[in-house]
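Peer 1: There's a structure below that I have some questions on.
Just so you know, all these numbers are worked out from the coordinates, no wet-lab data involved. All values derive from a computational prediction rather than experimental measurement. Please note: Cβ atoms are built from the backbone with ideal geometry, for glycine as well, and neighbour counts cover all protein chains shown.
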Amino acid sequence: MNFGTPPISPSLKPFAGVIPNVIALPYGRTLPFYIKAPSWRNMLKLMARLSGTRLEPTMEAMAVVKTEMRLRVVISFVKVHHASSDWHTILYITIDHPIPPNAPTGWKYKNGDTSTLPWSYTLSQMPAFLRDGADSPLSKFYTIPSTNELPFPVLPISFPNLATYLATALETARDAMHDSSSGVRRLAKYIDQFYPNDRPTFDDGPERGGMRQRLKNFVGMGSRPQRDRNADVYELVTPFVADDFGR
């Protein structure tokens, strides 16, 4: 976890540091915050277990923005080496930013294209793995669009609620698997391609209303006692220091 571009290495290292209770996100010209995990399932598993951690805007952001602030989430998949078959999952997060009326290409940020980065990502230097486009040989990205059923998340938001948002985005992509008119299905295709053994068996559960419980079952929390909040942080590969982002 950090701001900017995550390091990618074929070797996994033990997680260093402590996950803070609060991760404060700045507004405007700032690098995206990222969370990196070895796989999609590892990402959801970690976030679902960190019930005491939440994302919220910085005090400076709240002084500037007087309305509710929403997140823009981009999911990236990066190949650890050109000769490897392993792909890491990276979650990029910024606070949504309005598109200036005079922006020359502002229209392309409003059509829900999953292959276009949000406007808020153009306000600072773009992370390296997002510069090669949405479907390059070594990296892919998917911008979660806003829909009536799945609007952009509102800050503050807990990690478990953010995990539920991600799981619902994947279910939405699976529902669109036979729709070739949009790019919504790309998320499901990427995850099935890169992590074929991670597909959850959600078919026996209720539909949207039971997503939170289905997510718990998927990450192994449905019937087992809750573990320590840092029990699974070893599955991330980037050291994190609480004092850098917590307050």
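Peer 1: Report ³J(HN,Hα) in whole Hz for each residue of segment 104-121, in order, from the Karplus equation J = 6.51 cos²θ - 1.76 cosθ + 1.60 where θ = phi - 60°; Gly and Pro get x.
Peer 2: After applying 6.51 cos²θ - 1.76 cosθ + 1.60, I find x, 10, x, 4, 6, 8, 10, 9, x, 6, 6, 9, 10, 5, x, 4, 4, 7 Hz.
Peer 1: Please work out how much length the chain gains when fully extended from Met59 to Val22, using 0.36 nm per residue of separation minus the C-alpha to C-alpha distance, in nm with one decimal. Write down the numbers at each step before the final one.
Peer 2: On the way: separation 37, 0.36 × 37 = 13.32 nm, distance 1.24 nm.
Roughly 12.1 nm would be gained on extension.
Peer 1: At 0.36 nm per residue, and after removing the present C-alpha to C-alpha distance, how many nm does the segment from Ser180 to Asn197 gain when stretched out fully? Show your work: numbers first, answer last.
Peer 2: Details: separation 17, 0.36 × 17 = 6.12 nm, distance 2.47 nm.
3.7 nm is the gain from fully extending Ser180 to Asn197.
Peer 1: Can you compute 3J(HN,Hα) from phi for each residue in segment 82-99, using the Karplus curve 6.51 cos²θ - 1.76 cosθ + 1.60 with θ = phi - 60°, rounded to whole Hz and x for Gly and Pro?
Peer 2: Taking θ as phi minus 60°, the curve returns 4, 9, 9, 9, 8, 10, 8, 9, 10, 9, 9, 9, 9, 8, 4, 10, x, 8 Hz for segment 82-99.
Peer 1: Among the listed pairs Lys45/Lys140; Lys36/Lys79; Lys108/Lys189; Lys79/Lys108, give every one whose C-alpha distance is greater than 18 Å.
Peer 2: Details: Lys45/Lys140 21 Å; Lys36/Lys79 13 Å; Lys108/Lys189 23 Å; Lys79/Lys108 28 Å.
Exceeds cut-off: Lys45/Lys140; Lys108/Lys189; Lys79/Lys108.
Peer 1: Let me ask something additional. Extending each Cα 7 Å along its Cβ direction at Lys189 and Glu68, get the distance between those two points in nm, one decimal.
Peer 2: 3.3
Peer 1: Rounded, prolate or oblate: pick one for segment 1-97, where a ≥ b ≥ c are the square roots of the eigenvalues of its C-alpha gyration tensor, a/c under 1.5 means rounded, and failing that, prolate if a/b is larger than b/c, else oblate. Intermediate results must be reported in sequence, preceding the final value.
Peer 2: On the way: a/c = 2.39, a/b = 1.77, b/c = 1.35.
Prolate shape, in that a/c is at least 1.5 and a/b is the bigger ratio.
Peer 1: Within a 10 angstrom radius of the beta carbon, how do Tyr34, Tyr92, Tyr142 rank from fewest other beta carbons to most? All intermediate terms of the calculation are to be shown ahead of the outcome.
Peer 2: Details: Tyr34 20, Tyr92 28, Tyr142 25.
Final ranking by Cβ density, sparse to dense: Tyr34, Tyr142, Tyr92.
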